[in-house]
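The next block holds one structure in the form of structure tokens; read it before the comments.
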Amino acid sequence: MTHISEREYDLPNAVIGKLMKAAVEDKSVVSLGPGEPDFDLPTPLVKYVKEYAASSNHYSPPGGIVELREALVKKLKKENKIDVHPDNIIVTNGSQEALLLATACTLDVSEQVIIPNPSYLGYLPMFELFNAFPVALELKPEDGWHVNPDEMKKLINKKTKAILLNSPGNPTGNVLPKKILEEVADIAVDNDLYVFSDEAYEKLVYGKKHHSIGSFNGMNKYVVTMHTFSKTYAMCGYRVGYAVGPTPLIEAMNKTHVYTTSCAPTLSQRVAVKALSLKKSYIDKMVKEYDRRRKMIVKGLNQIGLETVTPNGAFYTMSKIDHLSDDSFKFAFDLLKKAKVGVVPGREFGRFGEGYIRCSYATDYKLIEEALRRMDKFISKIKK
């Protein structure tokens, strides 16, 4: 007899996996589902992958190789205004593992964490795996999909231990203004709460400035800032991210890391060191292309009747479909089956995502144009 734990049974089956599988198996599908860059690894990094491959066959320390952590200290000080020691940094298998380790080391059974909703589909199940209790903070398009500090305060009680932030945000593309971050910082200090700040898309911003809450005065003891090399450097498959935080917590995360994945891949870490020294032009070129697609897809979605707030970061849009369907899952699968366009149902990102679909513009410009044409025809038939 095979026994599967109740914990696993309670995990949702991610619809995005089915959509991606369908897009791979059916070449006629145009997918607006990807959550990863469609760019190749920057050319200079390809050389280092080949150069380091043979000599990177050993484990690294759980916290990451010294060269990378020292390079990250410089990066964090220059770009994020966060001044730390290498020992305040842990290198992980992507930023998602950083959040997993932070969760394991801070939240006990039934303790609560406030999370924005809609938000990245991996947050909710991760907290539930540790028997913590995620409390949804509704994000609204009329507020620019920003967190509302006043509403956040209402959710805090004796069991609240942490606040999760994601800026630039997935799936909404929101970039939190400094004023809101300052209000959240005050809430964290007043209530002695950790802040988990997921900044995976930090460099993918358009006409706005990204701020790290961990840089604010006095926040170094409260904030765990998480980053990844996946989005900025198109290194998704290399699985390297990192977290920076207060010494006791990073020490606990290192201790736990030994018993989970032990360390991030050594080759990936060595390539990440070189990624940090890439010319700014590599990133600027990618951001410029995303911005071009962003303007086109937002205009196109609104023109075909899907109300869409212009995102200021990441590479996603959230488009309103509640006037066409009361079930975003059914809408997405009908669109896939009948129009051969893959999108992600908003419900995948939490209950407040219902009534929306997420479209990714990490897809070739011409393919996005074709997807919009197909969606227009599909919607026209629904309206008849």
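The values are calculated or read from the model by the stated rules, or taken from the named source; none is laboratory data. Because the structure is a prediction, the values reported are computed rather than measured. Please note: Cβ atoms are built from the backbone with ideal geometry, for glycine as well, and neighbour counts cover all protein chains shown.
See the values below:
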read-out: Counted residues, region 349-370 - those being over 18 Å from LEU324 (Cα atoms), outside any strand (DSSP E or B) and either in contact with a Phe, Trp or Tyr (Cβ under 8 Å, 6 or more places away or on another chain) or of a type in the set (Gly, Ala, Ser) (or both); value: 5
read-out: Residues located in region 298-307, provided they are surrounded by fewer than 22 Cβ atoms within 10 Å (Cβ to Cβ), touching a strand residue (DSSP E or B) at 6+ places or on another chain (Cβ under 6 Å) and not in a helix (DSSP H, G or I); value: GLU307
read-out: Selection status of LYS295, part of a helix (DSSP H, G or I), assigned by TED's automatic domain parsing to the domain that holds TYR356 and over 18 Å from GLU36 (Cβ atoms); value: yes
read-out: Of all residues making up region 203-222, the number that are closer than 21 Å to ILE114 by Cα and touching a Pro at 6+ places or on another chain (Cβ under 7 Å); value: 2
read-out: The listed residue being among the acidic types (Asp, Glu), out of contact with any Cys (no Cβ under 8 Å at 6 or more places or on another chain), surrounded by fewer than 21 Cβ atoms within 10 Å (Cβ to Cβ) and under 29 Å from THR317 (Cβ atoms), out of ASP83, ASP150; value: ASP150
read-out: Answer from LYS231, LYS221 - the residue that is surrounded by fewer than 15 Cβ atoms within 10 Å (Cβ to Cβ), touching a residue at least 24 places away in the same chain (Cβ under 8 Å) and under 29 Å from ALA188 (Cβ atoms); value: LYS221
read-out: Residue check for LYS255: surrounded by fewer than 18 Cβ atoms within 10 Å (Cβ to Cβ), of a type outside the set (A, V, I, L, M) and assigned to a loop (DSSP other than H, G, I, E, B); value: no
read-out: Those strands (runs of 3 or more DSSP E) lying entirely in region 67-156 with at least 3 residues in contact with a strand residue (DSSP E or B) (Cβ under 7 Å, 6 or more places away or on another chain) and without any contact (Cβ under 8 Å) to a residue 60 or more places away in the chain; value: 112-117, 133-138
